[in-house]
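I have placed the structure first, in the form of structure tokens, so that the comments after it can refer back to it.
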Amino acid sequence: MSKVFRIGDRQIGGSAPCYVIAEVSCNHDGDFDEACRIIDAAADAGADAVKLQTYKAETITRNFKRRPTGTIWEDMDLFALYQKAQTPWEWHARLAERAAGHGMHMFSSPFDETAVDFLEEQNVPVYKVASFEAVDTKLMERIAATGKPVILSNGMTDYLEMEEAIRTLRNAGVRDLAVLHCNSGYPAAFREANLKTIPAIEAMFGVVPGVSDHTMFLHEDKYETPLAHITPVEAVRFGAKVVEVHLMLDRAKARALMEKGEGGFDWPFSREPQELKKMISMIRAVEAGQDVAYESEDEKKAARLTHGKVCFQPTEKEMASRNVRPCLWVVEPIKAGEAFKFTGGPGKPGNFDSIRPAGGLHIRFTDFIEGRAATRDLDPGEPLEWDMVNIEEKQ
């Protein structure tokens, strides 16, 4: 597999400059003009690309009244959260034009197969597999079928899960692959960044290495002392060729919105424009071989903390995030003796699907379960378990 590939007109990996992605996520707070301003700010800061998240509340989950316990969103019902956080699909084409007008790429993380179908219509140049979806083997197979390059985040994975994700993508045809070392604590702790893992990923898997960063505060539990540039800069020193960070316009405004449950859901790990600009400037200086030093003792301390060790296990803070990963759920009524049929998205025929949150069987078992009979009547909203599946024969 090549450790150098192209996204549109940009070389990724090798001697090329680091590919910097500004993640819009839900930071638009439902305002199209705000999304445009975020894209403009990303361009002004020198980003190479902007990224969206493509889902609807009913495609990423279902209205099963589940809460992401142990996370910063634990007081919110998942379905209601995603209703507020989603990026309307009708925005995508206009936002892509906005990004292209600045000479930037725009692409997205799809969260189910219908989102991939839609993004293919948009002719995105690359796909991103989000950390939570690194266990969604069916989604990764659908993404691989597009023939596009793929960027995979490894947040929350252990070694076997990361190896399975990479193997799934490659077996399904992906040759151009970047793997971003990621800590999916929200916000992540500098002491859990473990950036020494970046060169290990490159050496072990033969991929373009990078980082997807969610660190922000030196005192992450108190949301004090934002140091938005540290982890990405240190990651580049460790060989990262792709850097992805979240971008918002006003942290104080976003924090106030989240405290009211109205928006700003990613504020604790998102950069403001001037922070992104500083980060990119420092990355380019490191790439140019300049002597880039930190000014304050807080910066020096945070930088040292990020190095950590080679780590292929979810960190303490990531364990709670694993509660939000997708798994297999019953999404339509199933009678005893009726065959299981995977749906792959709302509106498609079928009775079980891969959706958030965790709680049921791993998605890797989808093909085995498909066509086997239910052992009892099942209701929508039940996480799929082995005692529900007649494993003896397939219909």
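Computed values, structure above
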quantity: Odd one out for residue 272, checked against (1) touching a strand residue (DSSP E or B) at 6+ places or on another chain (Cβ under 6 Å); (2) more than 21 Å from residue 318 (Cβ to Cβ); calculated: (1)
quantity: Tabulated pairs, region 113-139, first over 12 Å from residue 344 (Cβ atoms) and touching a residue at least 12 places away in the same chain (Cβ under 8 Å), second among the acidic types (Asp, Glu) and not in a strand (DSSP E or B), C-beta under 7 angstrom, 6+ apart or interchain; calculated: 134/161; 135/161
quantity: Region 61-91, residues that are crowded, with 20+ Cβ neighbours inside 10 Å, in contact with a strand residue (DSSP E or B) (Cβ under 8 Å, 6 or more places away or on another chain) and within 15 Å of residue 359 (Cα to Cα); calculated: 61, 62
quantity: Selection count, region 173-204, where residues are among the hydroxyl-bearing types (Ser, Thr, Tyr) and either in a loop (DSSP other than H, G, I, E, B) or modelled with pLDDT under 95 (or both); calculated: 2
quantity: Some residue of region 19-41 being in a loop (DSSP other than H, G, I, E, B) and polar (S, T, N, Q); calculated: yes
quantity: Spans of helices (runs of 4 or more DSSP H) in region 205-289 with at least 2 residues farther than 30 Å from residue 160 by Cβ and either among the small types (Gly, Ala, Ser) or within 17 Å of the chain's Cα centre (by Cα) (or both); calculated: 251-259, 273-287
quantity: Any hit, region 73-92, residues being at positive phi and either among the charged types (D, E, K, R) or over 18 Å from the mean Cα position of the chain (by Cα) (or both); calculated: no
quantity: Answer from 252, 288, 240 - the residue that is of a type in the set (A, V, I, L, M), surrounded by fewer than 18 Cβ atoms within 10 Å (Cβ to Cβ) and farther than 15 Å from residue 216 by Cα; calculated: 288
quantity: Residue check, residue 161 under 20 Å from residue 198 (Cβ atoms) and charged (D, E, K, R); calculated: yes
quantity: Any hit, region 340-348, residues being in contact with a Ser or Thr (Cβ under 6 Å, 6 or more places away or on another chain) and closer than 30 Å to residue 188 by Cα; calculated: no
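The values are calculated or read from the model by the stated rules, or taken from the named source; none is laboratory data. Small disclaimer: the values here were computed from a predicted structure and weren't measured. Quick reminder, even Gly has a Cβ in these numbers, built from the backbone with ideal geometry, and neighbours come from all protein chains shown.
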